[in-house]
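*Asks:* This is the structure, below, for whatever I ask next.
The values are calculated or read from the model by the stated rules, or taken from the named source; none is laboratory data. Fair warning: this is a prediction, and the values are worked out from it, not measured in the lab. Virtual Cβ from ideal backbone geometry, glycine too; neighbours counted across all protein chains shown. Surface accessibility is based on the protein's heavy atoms, side chains included, excluding ligands, DNA and RNA. Shrake-Rupley method; radii C 1.70, N 1.55, O 1.52, S 1.80 Å.
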Amino acid sequence: MRAMRAETFSGYEGLKLIELPNTAVTDGKVLVRITAAGVTPLDHTILSGKFHGSKPPLVLGNEGAGVVEDGGGTDFPVGSRVMFFGTYGAFEDGTYREWVSVRKEDLCLIPDNVDDVSGAGIPVAYLTAQVALTLAGFRAGKTVLAPAIGGSIGNAVTQLARALGAKHAISSTTNHAKAEQAKALGFNEVIDTSLEKLGDGVRRITSGYGADIVIDGIGGEVLSEALGALASEGRVTTLGYSASRKTTIDVTNLIVPQASIRGLNMFAQPKTAIADAWKVIVSLLKSGAIKPIVAKTFPLAEAADALRYLIEGRPFGRVVLTI
């Protein structure tokens, strides 16, 4: 089978199209013919040699969509369309290939109203978003801030919070064109940080109240600014660092509102948390309350170009490989 494998962790040039033996079904696993694979910032982090625990050679891709070919039993019959996320592409070979042997507990049936390309871009973003909201104590009526409306986490959190009854589901962008695009797509609480500061925008939208919950997948200065936008007893979850791994925190932004900050590692979440998140996500997908946004697709052989487009082009929406 064809696969795009990182032969070295040396940047885009480390990805090579190779032939691998066909995947065999093993006990407890399901053989999935991959039709689409999500491209994520984590793939780039690994390819750049900046992720702990990953070793080359490694087939990247920790989310994907496809068709069950064997081993799914009655839960996932042959021919079922499925999507999944796991340690694939980080600590074992991932989804940038034609077949993957997947642990059954990682699988979720794709709703009939969702195509495979969209399905491939759902698991990482929406599972992370839903788990983060749950751990932060989200309930209807809360105000949520998730910076970067064009990014996978920012967009997923904003959609989920809005669909689940948030009083305000706020996001942001540094790009004026993206702010206009967001409005055209129905995201009406997006702060254009080329025109105003993040904290000022949050206070304007909430009439000075602030954000009860911040889910930040950006890191760096964005995290620092988001801390200054918290409401009383607000909660911040940090789970990404695409801007920077380092930031400077004004501790009074935590002390005065009696706020809290925590990290989230999706690889460390219990299976029950993932299963509960899937139930919420699938229900909202079926109703049309949330809808993944795909910016562009690339064929498998152009995985390096896809990653470059994601990281350097900073598109609005997901980037997906078609296989």
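*Asks:* Over region 182-323, what relative contact order in percent results from Cα pairs under 8 Å that are six or more residues apart?
*Replies:* 15
*Asks:* Ignoring ligands, DNA and RNA, what accessible area per residue does the chain give at 1.4 Å, in Å²?
*Replies:* Values: 13790 Å² over 323 residues.
Spelled out: the 1.4 Å probe surface of the chain, per residue, equals 43 Å².
*Asks:* Just to check I understand the Karplus step: with θ = phi - 60° and J = 6.51 cos²θ - 1.76 cosθ + 1.60, what whole-Hz values come out for region 215-231, glycine and proline as x?
*Replies:* Once θ is set to phi - 60°, the couplings for region 215-231 become 10, 10, x, 9, x, x, 5, 4, 4, 4, 5, 5, 4, x, 10, 6, 7 Hz.
*Asks:* If you don't mind, there's one more thing I want to ask. Using the reciprocal of the averaged 1/r over all distinct C-alpha pairs, how large is the Kirkwood radius of region 4-75 in Å?
*Replies:* Over region 4-75, the inverse of the mean reciprocal pair distance is 13.7 Å.
*Asks:* Run the numbers on the chain and let me know its relative contact order in percent, using alpha-carbon pairs under 8 Å that are six or more apart.
*Replies:* Computed over the chain, the figure is 18 percent.
*Asks:* What number do you get for the chain when its Cα radius of gyration is normalised by 2.2 N^0.38 Å, N = residues? Spell out each step's value before the answer.
*Replies:* Details: Rg = 19.4 Å, N = 323, 2.2 N^0.38 = 19.8 Å.
Here the answer is 0.98, to two decimals.
*Asks:* Next question. Expressed as a whole percentage, what fraction of the accessible surface of region 165-234 belongs to carbon and sulfur atoms when a 1.4 Å probe is rolled over the protein heavy atoms?
*Replies:* On the way: 1440 of 3040 Å².
Taking all protein chains in place, region 165-234 shows 47 percent carbon and sulfur surface.
*Asks:* Here's something else I'd like to know. Taking Cα atoms, how many degrees apart are the long axis of helix 123-135 and the longest axis of the chain, rounded to 10 and kept between 0 and 90?
*Replies:* 40
*Asks:* Taking Cα atoms of region 99-191, Rg/Rh with Kirkwood Rh, to two decimals? Show your work: numbers first, answer last.
*Replies:* Working: Rg = 14.7 Å, Rh = 14.4 Å.
Answer for region 99-191: 1.02.
*Asks:* Compute the relative contact order of region 1-48 as a whole-number percentage, counting only Cα pairs closer than 8 Å that sit 6 or more residues apart in sequence.
*Replies:* On the way: 44 pairs, mean separation 19.1, N = 48.
Across region 1-48, relative contact order equals 40 percent.
*Asks:* Calculate the translational D of region 235-293 in whole µm² s⁻¹ from Stokes-Einstein, where the hydrodynamic radius comes from the Kirkwood formula applied to all Cα pairs, the temperature is 10 °C and the viscosity 1.306 mPa s.
*Replies:* 108
*Asks:* Starting from the exponent 0.38 and prefactor 2.2 Å, build the expected Rg for region 137-227 from its residue count and divide its actual Cα Rg by it. It would help to have the intermediate numbers written out before the result.
*Replies:* Values: Rg = 11.6 Å, N = 91, 2.2 N^0.38 = 12.2 Å.
Against the empirical 2.2 N^0.38 Å value, I get 0.95 for region 137-227.
*Asks:* Pull up the DSSP beta bridges for the chain and report the antiparallel fraction as a percent, rounded to 5. Don't skip to the end; give the middle numbers.
*Replies:* Values: 31 of 55 bridges.
For the chain, the DSSP antiparallel bridge percentage is about 55.
*Asks:* At most 14 other Cβ atoms within 10 Å plus a DSSP loop assignment makes a site exposed; report the longest stretch of the chain without any exposed GluC sites (Glu not before Pro).
*Replies:* After excluding every exposed loop site, the longest remaining stretch is 8-195.
*Asks:* So what are the ³J(HN,Hα) numbers for region 140-156, from phi and the Karplus equation (6.51, -1.76, 1.60; θ = phi - 60°), rounded to whole Hz, Gly and Pro as x?
*Replies:* Ordered by residue, 3J(HN,Hα) equals 3, x, 6, 9, 10, 10, 9, x, 6, 4, x, x, 5, 6, x, 5, 5 Hz.
*Asks:* Let me ask something additional. Determine the distance separating the Cα centre of region 53-90 from the Cα centre of region 198-246; give it in Å without decimals.
*Replies:* 34
*Asks:* Related question: Which percent of the accessible area of region 61-101 is formed by carbon and sulfur heavy atoms (probe 1.4 angstrom)?
*Replies:* The C+S portion of the solvent-accessible surface of region 61-101 is 52 percent.
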